[in-house]
């Protein structure tokens, strides 16, 4: 074994040799106690070991035993991962949906998605061309936390796609605009990739199937504490909620409590998966989860404050008539997004991504068709909603017409008093045109308009017909000759058959709609 003196003496010739070689990259390795010192040309740092080249040959020394000094010493900080695009924001989107979406995107480009662990611990998704045998043509990372972080990241970084389970807030949009990110609600920067119902859930053994939204709010306030108070068994209610910064919680509170600042009497579940687990293991529990995270719990149908009953179904979510539905968004800055990012966004809002969204357990924007013939209870409820003879006659005409048609999930909506389609409806025109192109020749398509309750009945009825005509014109412009196999007609029933309560701006927005009915 070499002595301390010999080790120090060995260091001198190594250093002299290196100094005489202009091209050598010199590092000094010294033990913390000074008992060992060696210098030489830096060769590599692998698996926690330095290798230097000396006059005696290559020497390998464990990094844990020495301190490295020199320009070519590796940094103490792990090498950061290189990614083309980073997805930041909602765990609702980032945990389940986004990895599948990236895999679908890679497949659409003849590539495969591979996962690697970068030196800094980042999980990187690499897109490998030529079915996995080619070069790396894209790299992505996912930082799944909460929706608010999406907008913080968009302000600070380029090449970021923000994931949000809620629409951007006005103050967030204003901050981003001031930072040079652009107008965040433009169609080029705000992208809807699917919808998600926030479902109130109970244990599968609980006999309660339906709950009034008022009672749901009272449960979360602590005013109702036993299931017997809402038609269930004599059993205490164990209430679960989410952290206050979770988008699911924000959306739930807004829909259940409105603008009121309510202190919930609830235990906290850290995630939707955790929420479902707690409800599954507790017979008296109630909670709320995204549609994809029901995981064996029992979803509750909801009755709105004005008595409209809505099932927790994919159709009611696609029509956005379920009271606790939310859209899933991707956002980008107007500057600095790499080509892979732009291509990904095009894929994410296309019909090619619908299967991926559904595979992840969410609700795609794909067209769904249901019969309207078996809704007797709803019909009776509508007939009892008015005593005006004139309105009652029109309502009966509507019900007779409706029984002869199926309904398509695509539903067009408008601003108050306007014939202008909202942004999502503009995107839906292409999807509906693609669907109608495939139906049998001679199919009849009725565009059926409705309004909110503001204004006179006769004026609203006229407005509803004009909106239906507007959609027909827009469809024909988008579909062109592709839609020669169908015939269009327009109907309008004003404020009849509301899909939501007309007591709030949001409810009125849901009611300002044009439905699509088909028969063939």
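The values are calculated or read from the model by the stated rules, or taken from the named source; none is laboratory data. Because the structure is a prediction, the values reported are computed rather than measured. Cβ coordinates were reconstructed from backbone atoms using ideal geometry, including for glycine residues, and neighbour counts include every protein chain displayed.
Find the helices (runs of 4 or more DSSP H) located wholly in the stretch 207-303 whose residues include 1 or more that are in contact with a strand residue (DSSP E or B) (Cβ under 9 Å, 6 or more places away or on another chain) and under 23 Å from residue 94 (Cα atoms), and list them.
Once the helices (runs of 4 or more DSSP H) in the stretch 207-303 are filtered for at least 1 residues that are in contact with a strand residue (DSSP E or B) (Cβ under 9 Å, 6 or more places away or on another chain) and under 23 Å from residue 94 (Cα atoms), what remains is 247-257, 272-280.
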(request) Pull up the stretch 405-441, narrow it to residues that are part of a loop (DSSP other than H, G, I, E, B) and in contact (Cβ under 8 Å) with a residue 60 or more places away in the chain, then point me to the one that is surrounded by the most Cβ atoms within 10 Å (Cβ to Cβ). (result) 405
(message) I'd like to verify a number: residues in the stretch 157-206 that are in a strand (DSSP E or B) and closer than 24 Å to residue 317 by Cα, how many?
(response) 16
(request) Go through 256, 192, 187 for me and flag whichever is exposed (fewer than 15 other Cβ atoms within 10 Å of the Cβ), touching a helix residue (DSSP H, G or I) at 6+ places or on another chain (Cβ under 6 Å) and touching a residue at least 12 places away in the same chain (Cβ under 8 Å). (result) 187
(message) Taking the conditions exactly as written (surrounded by fewer than 17 Cβ atoms within 10 Å (Cβ to Cβ), at pLDDT 80 or above and touching a helix residue (DSSP H, G or I) at 6+ places or on another chain (Cβ under 8 Å)), does residue 396 satisfy them or not?
(response) yes
(request) Inspect all residues belonging to the stretch 272-282 and state whether any of them is buried (at least 21 other Cβ atoms within 10 Å of the Cβ) and over 25 Å from the mean Cα position of the chain (by Cα). (result) no
(message) Could you list, ordered by first residue, the pairs with Cβ atoms under 6 Å in which the first is in the stretch 305-318 and free of Cβ contacts under 8 Å to residues at least 24 places away in the same chain and the second is part of a loop (DSSP other than H, G, I, E, B), at least 6 apart or interchain?
(response) 310/322
(request) For the stretch 50-102, enumerate the residues that are in contact with a helix residue (DSSP H, G or I) (Cβ under 8 Å, 6 or more places away or on another chain) and either assigned to a helix (DSSP H, G or I) or modelled with pLDDT under 85 (or both). (result) 54, 55, 56, 92, 96, 97, 100, 101, 102
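Residues are listed down the side, and each one gets a yes or a no for (1) in contact with a helix residue (DSSP H, G or I) (Cβ under 7 Å, 6 or more places away or on another chain); (2) in a strand (DSSP E or B); (3) at pLDDT 90 or above:
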{"position": "322", "(1), (2), (3)": "yes, no, no"}
{"position": "326", "(1), (2), (3)": "yes, yes, no"}
{"position": "331", "(1), (2), (3)": "yes, yes, yes"}
{"position": "342", "(1), (2), (3)": "no, no, yes"}
{"position": "346", "(1), (2), (3)": "no, no, yes"}
{"position": "361", "(1), (2), (3)": "yes, no, no"}
{"position": "365", "(1), (2), (3)": "yes, no, yes"}
{"position": "374", "(1), (2), (3)": "no, no, no"}
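Yes/no per residue for (1) closer than 23 Å to residue 303 by Cβ; (2) in a helix (DSSP H, G or I); (3) in contact with a strand residue (DSSP E or B) (Cβ under 6 Å, 6 or more places away or on another chain); (4) in contact (Cβ under 8 Å) with a residue 40 or more places away in the chain:
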residue: 447; (1), (2), (3), (4): no, no, yes, yes
residue: 453; (1), (2), (3), (4): yes, no, no, yes
residue: 476; (1), (2), (3), (4): no, yes, no, no
residue: 481; (1), (2), (3), (4): no, yes, no, no
residue: 496; (1), (2), (3), (4): yes, no, no, yes
residue: 502; (1), (2), (3), (4): yes, no, no, yes
residue: 516; (1), (2), (3), (4): no, no, yes, yes
(message) Take the conditions within 29 Å of residue 366 (Cβ to Cβ) and out of contact with any strand residue (DSSP E or B) (no Cβ under 9 Å at 6 or more places or on another chain) and apply them to residue 169. Does it pass?
(response) yes
(request) Quick one: residue 305 ticks every box in (1) modelled with pLDDT under 90; (2) under 19 Å from residue 208 (Cβ atoms); (3) under 22 Å from the mean Cα position of the chain (by Cα); (4) surrounded by fewer than 17 Cβ atoms within 10 Å (Cβ to Cβ) except a single one, so which number is it? (result) (3)
(request) Within the stretch 226-235, track down each residue that is closer than 20 Å to residue 276 by Cβ and in contact with a helix residue (DSSP H, G or I) (Cβ under 9 Å, 6 or more places away or on another chain). (result) 235
(message) So for the stretch 207-222 (the condition being at pLDDT below 95, closer than 30 Å to residue 356 by Cβ and either surrounded by 15 or more Cβ atoms within 10 Å (Cβ to Cβ) or in contact with a helix residue (DSSP H, G or I) (Cβ under 8 Å, 6 or more places away or on another chain) (or both)), does at least one residue qualify?
(response) no
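Of the residues 265, 279, only one is within 16 Å of residue 239 (Cβ to Cβ) and in contact with a helix residue (DSSP H, G or I) (Cβ under 9 Å, 6 or more places away or on another chain); which?
The match here is 265.
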(message) What's the total number of residues in the stretch 103-143 that are out of contact with any strand residue (DSSP E or B) (no Cβ under 6 Å at 6 or more places or on another chain), assigned to a helix (DSSP H, G or I) and closer than 16 Å to residue 344 by Cα?
(response) 4
(request) Would you confirm whether any residue within the stretch 389-400 is over 16 Å from residue 499 (Cα atoms) and not in a helix (DSSP H, G or I)? (result) no
